[in-house]
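The values are calculated or read from the model by the stated rules, or taken from the named source; none is laboratory data. Not measured: the values here are computed from a predicted model. Please note: Cβ atoms are built from the backbone with ideal geometry, for glycine as well, and neighbour counts cover all protein chains shown. Remember, those area values only see protein heavy atoms, side chains included, never the ligands or the DNA or RNA. Shrake-Rupley method; radii C 1.70, N 1.55, O 1.52, S 1.80 Å.
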Amino acid sequence: MASSSKRSKVSKGSSRNENFLSKDNETAYGRYSASKITPSRILIQSDIDFQILPLFSSTQLSFILTLSHSYHKEMFLQFLSNLRVTPECTRLSSFVMQQKVIIDKEDLGTFLHLRTEGDRLHSLIQEADISWSMVNDTLRGNKDKVHQPRVYTLLQNARIIQHVLRSSIIPKAGDRVNITPLLSLVTHLILTNKPFDEAQLILDYIHSLSDIRHPQTKRKKNIALGHLVCYILEKKYNLIYPEPPTEEPIFFTNASFRSLVHDPTVEGEESEGDKEAPSEPAPVPNQNAFNDIIQRFDTMETNFGQRFDQIDLHMKTQEDRHNLDMAWIRGQTDYINQNVAMINSYFTAFNPQPPPDQDPEA
(Lines give C-alpha, C1' and ligand atoms only; values in the text may rest on other atoms or scores of the structure.)
Protein backbone atom coordinates (compact mmCIF):
# COMPACT_ATOMS: atom_id res chain seq x y z
CA MET A 1 0.00 0.00 0.00
CA ALA A 2 2.85 2.38 0.84
CA SER A 3 4.59 1.79 -2.50
CA SER A 4 1.28 2.23 -4.34
CA SER A 5 0.72 5.54 -2.55
CA LYS A 6 4.21 6.70 -3.55
CA ARG A 7 3.60 5.79 -7.20
CA SER A 8 0.34 7.75 -7.23
CA LYS A 9 2.09 10.79 -5.79
CA VAL A 10 4.83 10.59 -8.39
CA SER A 11 2.34 10.30 -11.23
CA LYS A 12 0.45 13.32 -9.93
CA GLY A 13 3.64 15.36 -9.59
CA SER A 14 4.77 14.53 -13.11
CA SER A 15 1.41 15.25 -14.79
CA ARG A 16 1.45 17.69 -17.72
CA ASN A 17 -0.99 19.25 -20.08
CA GLU A 18 -1.97 16.82 -22.84
CA ASN A 19 -1.51 19.56 -25.47
CA PHE A 20 2.27 19.57 -24.95
CA LEU A 21 4.92 16.93 -25.49
CA SER A 22 7.01 18.00 -22.48
CA LYS A 23 7.09 20.32 -19.49
CA ASP A 24 9.59 22.54 -21.33
CA ASN A 25 7.11 22.98 -24.16
CA GLU A 26 4.39 23.86 -21.69
CA THR A 27 6.71 26.50 -20.18
CA ALA A 28 7.50 27.82 -23.66
CA TYR A 29 3.77 28.22 -24.28
CA GLY A 30 3.65 30.88 -21.58
CA ARG A 31 6.41 32.85 -23.29
CA TYR A 32 4.76 32.61 -26.71
CA SER A 33 1.33 33.59 -25.36
CA ALA A 34 2.92 36.70 -23.78
CA SER A 35 4.25 37.77 -27.19
CA LYS A 36 2.28 40.02 -29.49
CA ILE A 37 0.83 38.70 -32.74
CA THR A 38 1.62 40.83 -35.79
CA PRO A 39 -1.10 40.22 -38.40
CA SER A 40 -0.01 39.98 -42.02
CA ARG A 41 -1.77 42.44 -44.32
CA ILE A 42 -3.66 40.93 -47.24
CA LEU A 43 -3.57 42.51 -50.69
CA ILE A 44 -6.80 42.53 -52.70
CA GLN A 45 -5.77 44.15 -55.98
CA SER A 46 -9.35 44.92 -57.05
CA ASP A 47 -9.79 47.09 -53.96
CA ILE A 48 -6.57 49.05 -54.55
CA ASP A 49 -6.24 51.86 -57.08
CA PHE A 50 -2.50 51.26 -57.40
CA GLN A 51 -0.96 48.40 -59.37
CA ILE A 52 0.92 46.45 -56.69
CA LEU A 53 0.75 42.76 -57.68
CA PRO A 54 2.47 43.31 -61.07
CA LEU A 55 5.60 44.31 -59.15
CA PHE A 56 5.76 40.70 -57.84
CA SER A 57 5.24 39.06 -61.24
CA SER A 58 8.73 37.49 -61.18
CA THR A 59 7.87 35.60 -57.96
CA GLN A 60 5.31 33.04 -56.81
CA LEU A 61 4.30 35.13 -53.80
CA SER A 62 0.97 36.30 -55.17
CA PHE A 63 -1.01 33.49 -53.48
CA ILE A 64 0.14 34.22 -49.93
CA LEU A 65 -0.09 37.97 -50.56
CA THR A 66 -3.79 37.51 -51.31
CA LEU A 67 -4.56 34.63 -48.90
CA SER A 68 -7.29 35.68 -46.48
CA HIS A 69 -7.55 33.06 -43.73
CA SER A 70 -8.94 33.44 -40.20
CA TYR A 71 -7.55 31.25 -37.43
CA HIS A 72 -7.55 30.72 -33.68
CA LYS A 73 -4.33 31.81 -32.04
CA GLU A 74 -4.37 28.77 -29.72
CA MET A 75 -3.52 26.51 -32.67
CA PHE A 76 -0.55 28.66 -33.62
CA LEU A 77 0.67 28.91 -30.02
CA GLN A 78 0.55 25.13 -29.61
CA PHE A 79 2.42 24.72 -32.90
CA LEU A 80 5.22 27.07 -31.80
CA SER A 81 5.44 25.66 -28.26
CA ASN A 82 5.93 22.06 -29.49
CA LEU A 83 7.99 23.05 -32.53
CA ARG A 84 11.01 20.98 -33.57
CA VAL A 85 13.13 21.86 -36.61
CA THR A 86 15.54 19.70 -38.60
CA PRO A 87 19.16 20.93 -38.78
CA GLU A 88 18.78 22.05 -42.39
CA CYS A 89 15.44 23.74 -41.51
CA THR A 90 13.45 22.04 -44.26
CA ARG A 91 10.92 20.33 -41.98
CA LEU A 92 8.88 21.64 -39.04
CA SER A 93 7.37 19.01 -36.73
CA SER A 94 5.02 19.83 -33.88
CA PHE A 95 2.05 18.72 -31.80
CA VAL A 96 -1.28 20.52 -32.29
CA MET A 97 -4.64 19.61 -30.76
CA GLN A 98 -3.08 16.37 -29.44
CA GLN A 99 -1.95 15.32 -32.92
CA LYS A 100 1.54 15.16 -34.37
CA VAL A 101 1.93 17.32 -37.46
CA ILE A 102 4.69 17.96 -40.00
CA ILE A 103 5.13 20.89 -42.37
CA ASP A 104 7.98 20.55 -44.84
CA LYS A 105 9.18 22.57 -47.79
CA GLU A 106 7.14 20.51 -50.23
CA ASP A 107 3.97 21.41 -48.30
CA LEU A 108 4.69 25.10 -48.80
CA GLY A 109 5.06 24.44 -52.49
CA THR A 110 1.86 22.39 -52.65
CA PHE A 111 -0.49 24.41 -50.48
CA LEU A 112 1.00 27.93 -50.74
CA HIS A 113 2.30 27.62 -54.34
CA LEU A 114 5.75 28.93 -53.37
CA ARG A 115 8.99 28.35 -55.23
CA THR A 116 11.03 25.63 -53.47
CA GLU A 117 14.31 26.02 -55.37
CA GLY A 118 16.92 28.76 -55.55
CA ASP A 119 19.19 30.64 -53.16
CA ARG A 120 18.56 30.40 -49.44
CA LEU A 121 18.51 34.07 -48.49
CA HIS A 122 19.10 33.67 -44.74
CA SER A 123 22.38 31.92 -45.58
CA LEU A 124 23.24 34.26 -48.43
CA ILE A 125 22.84 37.35 -46.25
CA GLN A 126 25.57 36.06 -43.90
CA GLU A 127 28.14 35.90 -46.68
CA ALA A 128 30.65 38.73 -46.84
CA ASP A 129 30.83 38.94 -50.65
CA ILE A 130 27.39 40.48 -51.26
CA SER A 131 27.73 43.32 -53.77
CA TRP A 132 25.89 46.05 -51.90
CA SER A 133 26.89 48.54 -54.60
CA MET A 134 24.75 46.56 -57.06
CA VAL A 135 21.90 46.28 -54.54
CA ASN A 136 22.02 50.01 -53.76
CA ASP A 137 22.08 50.82 -57.47
CA THR A 138 18.81 48.88 -57.90
CA LEU A 139 17.11 50.21 -54.77
CA ARG A 140 18.42 53.78 -54.59
CA GLY A 141 20.19 54.65 -57.81
CA ASN A 142 23.59 54.97 -56.12
CA LYS A 143 26.52 52.57 -55.80
CA ASP A 144 27.47 52.78 -52.14
CA LYS A 145 29.52 49.75 -51.13
CA VAL A 146 27.80 49.22 -47.78
CA HIS A 147 24.20 48.47 -46.90
CA GLN A 148 22.04 51.60 -46.63
CA PRO A 149 19.29 51.14 -44.00
CA ARG A 150 17.16 54.27 -44.50
CA VAL A 151 13.77 53.65 -46.13
CA TYR A 152 13.19 57.21 -47.34
CA THR A 153 16.15 56.96 -49.78
CA LEU A 154 14.53 54.08 -51.70
CA LEU A 155 13.16 54.52 -55.19
CA GLN A 156 9.38 54.30 -55.56
CA ASN A 157 9.03 50.66 -56.66
CA ALA A 158 11.61 49.50 -54.12
CA ARG A 159 9.79 51.32 -51.36
CA ILE A 160 6.46 49.75 -52.34
CA ILE A 161 7.92 46.23 -52.50
CA GLN A 162 9.69 46.45 -49.15
CA HIS A 163 6.51 47.91 -47.60
CA VAL A 164 4.47 44.92 -48.79
CA LEU A 165 7.16 42.41 -47.75
CA ARG A 166 7.55 43.78 -44.23
CA SER A 167 3.76 43.96 -43.81
CA SER A 168 2.90 40.50 -45.16
CA ILE A 169 5.76 38.03 -45.69
CA ILE A 170 8.70 39.17 -43.53
CA PRO A 171 6.75 40.92 -40.76
CA LYS A 172 8.78 43.59 -39.00
CA ALA A 173 6.89 45.45 -36.31
CA GLY A 174 8.10 48.73 -34.89
CA ASP A 175 10.94 50.29 -36.85
CA ARG A 176 9.66 51.65 -40.16
CA VAL A 177 12.54 54.08 -40.67
CA ASN A 178 15.17 51.43 -41.42
CA ILE A 179 15.29 48.41 -43.70
CA THR A 180 17.13 45.22 -42.79
CA PRO A 181 19.80 43.69 -45.07
CA LEU A 182 17.54 40.69 -45.68
CA LEU A 183 14.68 42.92 -46.73
CA SER A 184 16.99 44.89 -49.02
CA LEU A 185 18.27 41.70 -50.65
CA VAL A 186 14.77 40.28 -51.26
CA THR A 187 13.60 43.59 -52.74
CA HIS A 188 16.65 43.68 -55.02
CA LEU A 189 16.04 40.13 -56.29
CA ILE A 190 12.38 40.89 -57.02
CA LEU A 191 13.21 44.07 -58.94
CA THR A 192 15.88 42.29 -60.97
CA ASN A 193 13.64 39.27 -61.70
CA LYS A 194 16.01 36.80 -60.03
CA PRO A 195 14.36 33.71 -58.45
CA PHE A 196 15.06 32.60 -54.88
CA ASP A 197 13.83 29.90 -52.49
CA GLU A 198 10.58 31.45 -51.28
CA ALA A 199 9.46 28.43 -49.21
CA GLN A 200 12.77 28.41 -47.32
CA LEU A 201 12.33 32.11 -46.56
CA ILE A 202 9.10 31.30 -44.71
CA LEU A 203 10.58 28.27 -42.92
CA ASP A 204 13.60 30.26 -41.73
CA TYR A 205 11.35 33.01 -40.40
CA ILE A 206 9.22 30.56 -38.39
CA HIS A 207 12.39 28.89 -37.12
CA SER A 208 13.67 32.27 -35.88
CA LEU A 209 10.64 32.48 -33.58
CA SER A 210 12.17 29.63 -31.54
CA ASP A 211 14.35 32.22 -29.79
CA ILE A 212 11.29 33.28 -27.77
CA ARG A 213 11.21 29.98 -25.90
CA HIS A 214 14.66 30.58 -24.36
CA PRO A 215 14.60 32.22 -20.89
CA GLN A 216 17.60 34.42 -21.76
CA THR A 217 15.52 36.20 -24.41
CA LYS A 218 14.60 39.27 -22.38
CA ARG A 219 12.62 41.18 -24.97
CA LYS A 220 10.08 39.02 -26.73
CA LYS A 221 9.63 39.21 -30.48
CA ASN A 222 6.33 39.61 -32.22
CA ILE A 223 5.04 36.37 -33.71
CA ALA A 224 3.52 36.25 -37.18
CA LEU A 225 2.53 34.07 -40.16
CA GLY A 226 0.04 32.11 -38.06
CA HIS A 227 -2.50 32.27 -40.89
CA LEU A 228 -0.09 30.38 -43.20
CA VAL A 229 0.65 27.67 -40.62
CA CYS A 230 -3.01 27.15 -39.72
CA TYR A 231 -4.04 27.17 -43.38
CA ILE A 232 -1.62 24.31 -44.15
CA LEU A 233 -2.74 22.36 -41.05
CA GLU A 234 -6.36 22.71 -42.13
CA LYS A 235 -5.69 21.60 -45.70
CA LYS A 236 -3.24 18.80 -44.87
CA TYR A 237 -4.69 17.39 -41.63
CA ASN A 238 -8.21 18.88 -41.59
CA LEU A 239 -7.36 20.50 -38.25
CA ILE A 240 -9.86 23.20 -37.30
CA TYR A 241 -10.01 24.69 -33.82
CA PRO A 242 -13.44 24.05 -32.22
CA GLU A 243 -13.87 27.68 -31.13
CA PRO A 244 -14.47 30.72 -33.41
CA PRO A 245 -11.35 32.36 -34.89
CA THR A 246 -9.61 35.01 -32.84
CA GLU A 247 -7.35 36.36 -35.59
CA GLU A 248 -9.11 37.97 -38.52
CA PRO A 249 -7.26 39.19 -41.65
CA ILE A 250 -6.54 42.86 -42.19
CA PHE A 251 -6.18 44.35 -45.63
CA PHE A 252 -4.12 46.90 -47.47
CA THR A 253 -5.99 50.08 -48.38
CA ASN A 254 -5.30 52.97 -50.72
CA ALA A 255 -4.00 54.88 -47.73
CA SER A 256 -1.31 52.22 -47.33
CA PHE A 257 0.25 53.26 -50.65
CA ARG A 258 -0.85 56.85 -51.16
CA SER A 259 2.27 58.22 -49.48
CA LEU A 260 4.46 55.83 -51.53
CA VAL A 261 2.94 56.31 -54.99
CA HIS A 262 2.53 59.52 -56.96
CA ASP A 263 -1.00 59.36 -58.35
CA PRO A 264 -1.59 61.83 -61.23
CA THR A 265 -5.36 61.22 -61.21
CA VAL A 266 -5.62 62.95 -57.85
CA GLU A 267 -4.06 66.10 -59.28
CA GLY A 268 -6.39 65.90 -62.31
CA GLU A 269 -9.48 65.73 -60.13
CA GLU A 270 -8.27 68.62 -58.03
CA SER A 271 -7.52 70.78 -61.08
CA GLU A 272 -11.01 70.15 -62.48
CA GLY A 273 -12.50 71.20 -59.17
CA ASP A 274 -10.46 74.37 -59.31
CA LYS A 275 -11.89 75.21 -62.77
CA GLU A 276 -15.47 74.76 -61.59
CA ALA A 277 -15.02 76.88 -58.49
CA PRO A 278 -11.99 79.13 -58.92
CA SER A 279 -13.09 81.37 -56.05
CA GLU A 280 -12.84 78.46 -53.58
CA PRO A 281 -10.00 76.20 -54.71
CA ALA A 282 -9.95 72.73 -53.22
CA PRO A 283 -7.25 72.38 -50.58
CA VAL A 284 -4.27 70.38 -51.80
CA PRO A 285 -2.69 68.25 -49.10
CA ASN A 286 0.97 68.87 -48.42
CA GLN A 287 2.35 65.41 -49.17
CA ASN A 288 5.85 66.30 -48.01
CA ALA A 289 4.51 67.43 -44.65
CA PHE A 290 2.48 64.21 -44.39
CA ASN A 291 5.54 62.08 -45.12
CA ASP A 292 7.53 64.12 -42.63
CA ILE A 293 4.96 63.43 -39.91
CA ILE A 294 5.05 59.70 -40.67
CA GLN A 295 8.84 59.68 -40.53
CA ARG A 296 8.84 61.58 -37.24
CA PHE A 297 6.43 59.08 -35.70
CA ASP A 298 8.55 56.21 -37.03
CA THR A 299 11.64 57.83 -35.52
CA MET A 300 9.89 58.18 -32.17
CA GLU A 301 8.88 54.52 -32.31
CA THR A 302 12.46 53.53 -33.10
CA ASN A 303 13.78 55.65 -30.23
CA PHE A 304 11.33 53.96 -27.86
CA GLY A 305 12.59 50.57 -29.04
CA GLN A 306 16.20 51.62 -28.48
CA ARG A 307 15.30 52.92 -25.03
CA PHE A 308 13.70 49.60 -24.12
CA ASP A 309 16.89 47.84 -25.27
CA GLN A 310 18.93 50.13 -22.99
CA ILE A 311 16.60 49.34 -20.08
CA ASP A 312 16.96 45.60 -20.76
CA LEU A 313 20.75 45.95 -20.79
CA HIS A 314 20.71 47.97 -17.56
CA MET A 315 18.49 45.38 -15.85
CA LYS A 316 20.78 42.57 -17.00
CA THR A 317 23.82 44.44 -15.66
CA GLN A 318 22.09 44.97 -12.32
CA GLU A 319 21.08 41.31 -12.23
CA ASP A 320 24.67 40.18 -12.88
CA ARG A 321 25.95 42.54 -10.16
CA HIS A 322 23.32 41.26 -7.74
CA ASN A 323 24.34 37.66 -8.47
CA LEU A 324 28.00 38.52 -7.77
CA ASP A 325 27.07 40.21 -4.49
CA MET A 326 24.94 37.26 -3.42
CA ALA A 327 27.75 34.85 -4.31
CA TRP A 328 30.15 36.87 -2.10
CA ILE A 329 27.64 36.89 0.78
CA ARG A 330 27.11 33.15 0.45
CA GLY A 331 30.89 32.66 0.52
CA GLN A 332 31.23 34.70 3.73
CA THR A 333 28.31 32.83 5.30
CA ASP A 334 29.88 29.48 4.43
CA TYR A 335 33.19 30.68 5.94
CA ILE A 336 31.48 31.70 9.20
CA ASN A 337 29.56 28.43 9.35
CA GLN A 338 32.81 26.51 8.88
CA ASN A 339 34.43 28.38 11.80
CA VAL A 340 31.40 27.80 14.02
CA ALA A 341 31.42 24.11 13.11
CA MET A 342 35.16 23.91 13.88
CA ILE A 343 34.68 25.50 17.33
CA ASN A 344 31.72 23.24 18.03
CA SER A 345 33.74 20.14 17.07
CA TYR A 346 36.57 21.27 19.39
CA PHE A 347 34.27 21.53 22.41
CA THR A 348 32.59 18.28 21.50
CA ALA A 349 35.86 16.33 21.15
CA PHE A 350 37.87 17.72 24.09
CA ASN A 351 35.11 18.97 26.40
CA PRO A 352 37.44 21.51 28.11
CA GLN A 353 36.59 22.46 31.72
CA PRO A 354 36.11 26.12 32.58
CA PRO A 355 38.46 27.75 35.14
CA PRO A 356 37.38 27.28 38.78
CA ASP A 357 36.57 30.94 39.25
CA GLN A 358 34.19 30.78 36.23
CA ASP A 359 32.56 27.41 36.97
CA PRO A 360 28.93 28.07 37.98
CA GLU A 361 28.79 24.71 39.83
CA ALA A 362 31.86 25.43 41.98
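Details
- For the pair segment 22-80 / segment 134-157, the C-alpha centres are spaced 28 Å from each other.
- Violating pairs (Cα-Cα greater than 20 angstrom) within the set Lys36/Lys316; Lys100/Lys236; Lys23/Lys100; Lys100/Lys218; Lys105/Lys172; Lys73/Lys105: Lys36/Lys316; Lys100/Lys218; Lys105/Lys172; Lys73/Lys105
- Annotation: amide H-H contacts under 5 Å for Ser35 (H modelled 1.01 Å from N, sequence separation of 5 or more, or interchain): none.
- Other residues whose C-beta falls under 11 angstrom from the C-beta of Met75 contribute a net charge of -3, scoring Lys and Arg +1 and Asp and Glu -1.
- Heavy-atom accessible surface of segment 59-120: percent carbon and sulfur, 1.4 Å: 44 percent
- Ranked by the mean number of other Cβ atoms within 10 Å per residue, highest first, peptides 51-64, 221-234 order as 221-234, 51-64.
- Taking all protein chains as shown and a probe of 1.4 angstrom, Ile240 keeps an accessible surface of around 100 Å².
- Proximity of backbone amide H atoms, modeled 1.01 Å from N, is registered between Phe95 and Asn82, Val101 at under 5 Å, excluding neighbours fewer than 5 places apart on the same chain.
- Placing one equal scatterer on every Cα of segment 138-217 and applying the Debye formula, the log10 ratio I(q)/I(0) at q = 0.16, 0.25 Å⁻¹ is -0.66, -1.29.
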